[in-house]
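Visitor: There's a structure below that I have some questions on.
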There are 2 protein chains.
Amino acid sequence: MKNPPWEFIKNGSVTSPQGFLASGLHVGIKRSKKKYDASLIFSKVPCVAAATFTTNRVKAWPLLYSMKVVDHDQHHAILASSGNANCVNGKEGKQAVISAVEELACHLGIATNQVLIAQTGLIGVPFPITRYKRGIPKLIRRLHENGGRAAAKGILTTDLAVKEEAIALRIGGERVCVGAIAKGAGMVHPNMATMLCFITTDVTISKPLLKRALRHAVDDTFNKMAIDNDQSTNDCVFVLANGQANAPAIHKIDKDYRLFRDVLEEICKRMAYKMVHDGEGVTHVCTLKVTGAKNPTEAEKVARQIANSMLFKTMLAGADPNWGRIVAAIGASGVSFDLKQTQISCDGVNIVNHGRVRALNLPKARKVLQRKSYEMHINIGKGRGKTEFVTSDLTTKYVTINSCYS
Amino acid sequence: MKNPPWEFIKNGSVTSPQGFLASGLHVGIKRSKKKYDASLIFSKVPCVAAATFTTNRVKAWPLLYSMKVVDHDQHHAILASSGNANCVNGKEGKQAVISAVEELACHLGIATNQVLIAQTGLIGVPFPITRYKRGIPKLIRRLHENGGRAAAKGILTTDLAVKEEAIALRIGGERVCVGAIAKGAGMVHPNMATMLCFITTDVTISKPLLKRALRHAVDDTFNKMAIDNDQSTNDCVFVLANGQANAPAIHKIDKDYRLFRDVLEEICKRMAYKMVHDGEGVTHVCTLKVTGAKNPTEAEKVARQIANSMLFKTMLAGADPNWGRIVAAIGASGVSFDLKQTQISCDGVNIVNHGRVRALNLPKARKVLQRKSYEMHINIGKGRGKTEFVTSDLTTKYVTINSCYS
C-alpha cells in the first residue's frame, strides 16, 4: 500500500495552517474557574468560509446568526463559547449574539458579518452576556499562533479529552495545511447532533468548491456516527480558508481539489472518531462496515439501525457477541437482505457464516469485543452497496451522566 | 363522568371468558426448574381468530407458522413457550414448530392448522424440541379453568410481574368477557417489539370484524409504547373468540361492535401499560399526551421522537425537568410547531408556557417526575392533531440487564 500524499502533524491544531491565531479562556459562563468557556479563531487576512448546520427545527441563536452571514464573501473570525447553548431563551438570546459579535468586530476592526459564531451547553438558560462581553477583549489579547489548544479547550462541555488535529499536504509542490478542533460528547448522532467542529486551512480555494468539499466530508463522517439518537440545536461545522500558503489556487474540480477534499474528509473522520471515542460514558468504539446491500442507501439504513439500537449498544458494553440482536436490527431496518448469505465478523473473527452462528468462534469474538475499539463487518448478501459508521457502546455511565445534567 | 359500561374483573385472566382452559409449566427450555417456560390456551369449541405480527423482516419460525394458518376458519388453541425465540436457527427450527404443533393437535384431536403458536427468548439457539414435546401432554393434562395465571407465567422472560387482566361487559343484556395475558419487558417499542399478548373472549363475532377490532386496538396501544428503539422478531397478538356467552352475535359495525372494540382496546391499553411499567430497569412510566399538532400523524411523530429520545429517557430516570431536551426532541422530529405557543406540563405543573420556561415551577415538576407514573402534556400550538404514547425512563439497570443477556 502506498502512503497517502499527506500526513498528520504532531500536536497539530487550527493554528497549524499559516496566518491563523487562536485563543481560549474562562470568561465566567461555566462556574468552575478552571474550565475554559470561550474561544476565538482569527485570520488577519480575509477568508473564504463554508459551514453546515444542524437539521433540528429548533436552532440556537448563534446558529441563526451564522446561517445568515455565512454566504457573505469574506470572514475573519470564529467566536465560540461553551456552558450555555443560548437556545430557547427568548429574544434576549438573539440580542446576546448580536452584542457579542459587535464587541468582537469593533475590537478587531472587522465587519460584524465577517464573524461566525457558535455556542454549546445548556438549553433554555439566559446567556450571561455581560461576563462574555467582558471576556472578549481578553480573548483578542491572548490570540496566539500556538493558541489552538486553548481554543479547543474553550468549546468543551462534558468532553473528557481535547480534540484537535492537523494534516499537511502538498498542492502544486507547496506545503499546505488543514487544522481542526472539535467538541463532541453527548447527543452525537447522524445528522449532526451536539458537536462543533472548526476547521482552518491556508489553501486558496473558491467558495463554491469549499462548500462542496465540506458537504462531502461531513456526509461521510459526522453524519455517520452514533452515540445516542438525539439531534442538537447547536451543531455546526465551520471551515475558513485564508490562502496564506504559497500554493496554486483550487478553482476547479481537478486532482488538487480531490486531494484537498480527501484531506478534509480525513480530518473530519478523525474528529468524528475522537468524538465517539470520547462520547459520554463510552468504553468501546465500533466501526461498523456494512457491505452487500442493494445500494449505498440501503447499506446506510442497515448501519443506522444497528448503530442506534439500544440492545446492540448495551451488548457492546458487555462485550457480549449476541449476534441475534444484530440480525434482529438488520431485520428491523426494513431493508431486503439474504439471511443465508449473511456474514458477520468482529476484527476478522467470523461469528455468523451463511446466516448461521459459528458457536466455536464466540469466545474469540468476546475477546475482540473487550478491545477499546474494533471493526464489525456485516455482509447482508444482496449486492454491492456499502457504508461505514462509527458507533459506541451504551453504558451505565452514559445513563448516570445524563440523568442529572441540568 | 358516567362509568364505562364495562368493568375489570378481579383476578381476571384468559380463562375468565367461558369455555377457555389454560395451563403453564416448566418443560426444560429455561434452566431453572422454578421458572415456567410453556403455556397452552384451549377452547373445546372452535374459535374465530385474529392476529397481528411483528413488522421486523426477520420473523421467528412460530410466527411464520401462525401467519400461515391464522386465516383458517376455526382455531382451538394457542401454544406458547419462553426461553428460546426459535429464530435464525436453521431449518431445524421450522421442523421444531411443526413437530410441536403435530404433537399438540394429535393429543387434542384437532387439526394442526387450528393451532396458533408463539415463542420468545434468545435468538439463534437450537430449540430443545425433545424436551418441549415431552411437556406437551403434561400441558394438556393440566388444562384448567383457573389456569390463566400459570399460562401467563409460562410466557415470561425478563419480566418481573405476571401480566393478566379480564373485563366483563354486556352485549344484548348478556354478560360477556374479554381476558388477556401478556409478556413484555425489553425491546418494547412501537411497531410491536418483543411482546406477546393472547386475548380470549366468549363473544360471538365474525372473523372480519374481529380482525378489524384487533387492528384498531393494537394501533392505539401496543404500537404506541416505547421502552427502547428495537423491534423483535417474535412479537404477536392473538385473539380467540369462541361465542360461548349467551349474547347476540356481532356481525356488523353497530353499537355492540363499538363497545366490544373499545373493551378490546382497553384491555390492550392495560397490557401495554403493564409492559412499560415492567420494562427492563424501568422506574418511571410517563404517559405522553401530545396535542396541538397539525394532524394526528404529526402528533405521533413528535410523540415517537420524544418517547424514544435517550436524553429524554435518562432525564426521566433522574427526575430532572430538563425541558430543553423536550424542545430539542420536538425540533428533531421535523414536524412544524410554534415555539411561542408551546406548552409543557407534568401532571398539571406547567413548566413551559408560550415557549418560555416557568423556572419557579421546576422544583414542583421535579417532585412530579419522582412519582412512579405521571402524565406529560405537550401542546405544540399548531392545530388539533393529538396522540397518546406510553414511555419509560432509561436507567443504569436497563443497561446492566442488557449488557449480559446471552
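Taken together, the values in this text are just the output of simple stated rules run on the coordinates, not laboratory data. What you see is a predicted model; the values in this text were computed from it and never measured. Methodologically, a virtual Cβ is constructed for each residue, glycine included, from the backbone with ideal geometry; neighbour enumeration extends over all protein chains shown.
Visitor: If you put a point 7 Å past Cα along the Cβ direction, how far is that point for B:Thr130 from the same point in each other copy, in nm, smallest first?
Guide: 8.2
Visitor: Can you give me the angle between helix B:255-277 and the longest principal axis of chain B, using Cα atoms only, in degrees from 0 to 90, rounded to the nearest 10?
Guide: Around 70 degrees separate the two axes.
Visitor: Could you give me the percent of Cα pairs per 10 Å distance bin for segment B:19-88, shortest bin first, beginning at zero and ending with the bin that holds the maximum distance?
Guide: So the P(r) values, bin by bin, are 18, 40, 35, 7.
Visitor: As a footprinting exposure proxy, order A:Ser333, B:Ser403, B:Ser32, B:Ser232 by other Cβ within 10 Å, with the fewest listed first. Working shown, then result.
Guide: Working: A:Ser333 24, B:Ser403 20, B:Ser32 9, B:Ser232 30.
Least crowded to most crowded, the residues run B:Ser32, B:Ser403, A:Ser333, B:Ser232.
Visitor: Based on DSSP H runs of at least 4 residues, each adding -39500 (n - 2.57), what is the mean residue ellipticity at 222 nm of chain A after dividing by all its residues, to the nearest 500 deg cm²/dmol?
Guide: -10000 deg cm²/dmol
Visitor: Given R₀ = 30 Å, what would the calculated FRET efficiency be for B:Asn3 paired with B:Arg384, taking r from the Cβ atoms and rounding to 0.05?
Guide: Details: r = 28 Å, r/R0 = 0.93.
Result of the calculation: an efficiency of 0.60.
Visitor: Given the rotation that superposes chain A on chain B, what residue of A brings its beta carbon nearest the axis, and what is the distance in Å?
Guide: A:Thr396, 2
Visitor: Picking from B:Val285, B:Ser373, B:Gly348, whose Cα lies most toward the positive end of the charge dipole for segment B:285-403 (charges on Cβ: Lys, Arg +1; Asp, Glu -1)?
Guide: B:Gly348
Visitor: Which of B:Leu40, B:Leu169, B:Leu21 moves most in a GNM of chain B, Cα contacts under 10 Å?
Guide: Looking only at B:Leu40, B:Leu169, B:Leu21, the biggest GNM fluctuation is shown by B:Leu169.
Visitor: Assuming R0 = 35 Å, what is the FRET efficiency of B:Arg134 and B:Ala161, from their Cβ-Cβ distance, to the nearest 0.05?
Guide: Efficiency, rounded to the nearest 0.05: 0.75.
Visitor: About the Cα centre of segment A:1-134, what is the dipole size in debye to 20, counting +1 per Lys and Arg Cβ and -1 per Asp and Glu Cβ, all else neutral?
Guide: 560 debye
Visitor: In units of 2.2 N^0.38 Å, what is the alpha-carbon radius of gyration of segment A:7-277?
Guide: 0.91
Visitor: In what order do A:Thr201, B:Thr55 fall by count of nearby beta-carbon atoms within 10 Å, going from fewest to most?
Guide: Sorted ascending by nearby Cβ count, the order is B:Thr55, A:Thr201.
Visitor: Give me D for the protein assembly as shown in µm² s⁻¹, whole number, from Stokes-Einstein with Rh from the Kirkwood sum over alpha-carbon pairs, 4 °C and 1.567 mPa s.
Guide: 46 µm²/s
Visitor: Right, next: Considering just Cα atoms, how many Å³ per residue does the convex hull of segment A:285-403 enclose?
Guide: Per-residue hull volume (Cα only) is 87 Å³.
Visitor: Same structure, new question: Just the Cα atoms of segment A:8-57, one point each, no solvent: what log10 I(q)/I(0) does Debye give at q = 0.13, 0.24, 0.27 Å⁻¹?
Guide: Each listed q maps to, in turn, -0.53, -0.96, -0.98.
Visitor: Could you identify which residue out of B:Lys30, B:Lys91, B:Lys59 has the top mean-square fluctuation in a GNM of chain B using Cα springs shorter than 10 Å?
Guide: Between B:Lys30, B:Lys91, B:Lys59, it is B:Lys91 that shows the largest mean-square fluctuation.
Visitor: Mind telling me which of A:Glu145, A:Glu164, A:Glu174 comes out most flexible in a GNM of chain A, alpha-carbon contacts under 10 Å?
Guide: Judging by the Gaussian network model, the answer is A:Glu174.
Visitor: Now for a separate question. To the nearest 20 debye, what is the magnitude of the charge dipole of the protein assembly as shown about its Cα centre, counting +1 on the Cβ of each Lys and Arg and -1 on the Cβ of each Asp and Glu?
Guide: Magnitude of the dipole: close to 920 debye.
Visitor: Once you wrap a convex hull around the alpha carbon atoms of segment A:18-161, what is its projected area averaged over all directions, in nm²?
Guide: 8.2 nm²
Visitor: Just to be sure I understand the model, the point goes 7 Å from the Cα along the line to the Cβ. What's the resulting A:Thr55 to B:Arg31 distance in nm?
Guide: Using points 7 Å along Cα→Cβ, the separation is 4.5 nm.
Visitor: Something else: Suppose every Lys and Arg Cβ carries +1 and every Asp and Glu Cβ carries -1, with no other charges. What dipole size does segment B:6-277 come out with about its Cα centre, to the nearest 20 debye?
Guide: 700 debye
Visitor: Please compute the average number of Cβ atoms from other chains found within 10 Å of each residue's Cβ in peptide B:51-63.
Guide: Other-chain Cβ atoms within 10 Å of each residue's Cβ, averaged: 3.
Visitor: At R0 = 22 Å, how high is the FRET efficiency between A:His144 and A:Cys106 if r is their beta carbon distance? Nearest 0.05 is fine.
Guide: On the way: r = 21 Å, r/R0 = 0.96.
After rounding to 0.05, the efficiency reads 0.55.
Visitor: Taking each label point as 7 Å beyond Cα in the direction of the beta carbon, state the distances from B:Asp219 to the same residue in the other copies, shortest first, in nm.
Guide: Nearest to farthest, the other copies are at 3.7 nm.
Visitor: Which whole-angstrom value gives the distance between the alpha carbon centres of segment B:341-397 and segment B:306-320?
Guide: Cα centroid of segment B:341-397 versus Cα centroid of segment B:306-320: 11 Å apart.
Visitor: Next question, about the same structure. For segment A:218-340, what is Rg from Cα atoms divided by 2.2 N^0.38 Å, rounded to two decimals?
Guide: That ratio works out to 1.32.
Visitor: Put a label point 7 Å from Cα along the Cβ direction on A:Glu145, then list its distances to the equivalent points in the other copies in nm, shortest first.
Guide: Output for A:Glu145: 9.5 nm, nearest copy listed first.
Visitor: What's the local net charge at A:Asp256, with K and R +1, D and E -1, over the other residues with C-beta under 12 Å away? Intermediate values should be presented prior to the final figure.
Guide: Details: positive: A:Arg170, A:Lys252, A:Lys255, A:Arg258, A:Arg261; negative: A:Glu174, A:Asp254, A:Asp262.
Spelling it out: positives minus negatives among the neighbours equals +2.
Visitor: If we count every other residue with Cβ under 12 angstrom of A:Gly93's Cβ, Lys/Arg +1 and Asp/Glu -1, where does the sum land?
Guide: Residues close to A:Gly93 contribute a combined charge of +3.
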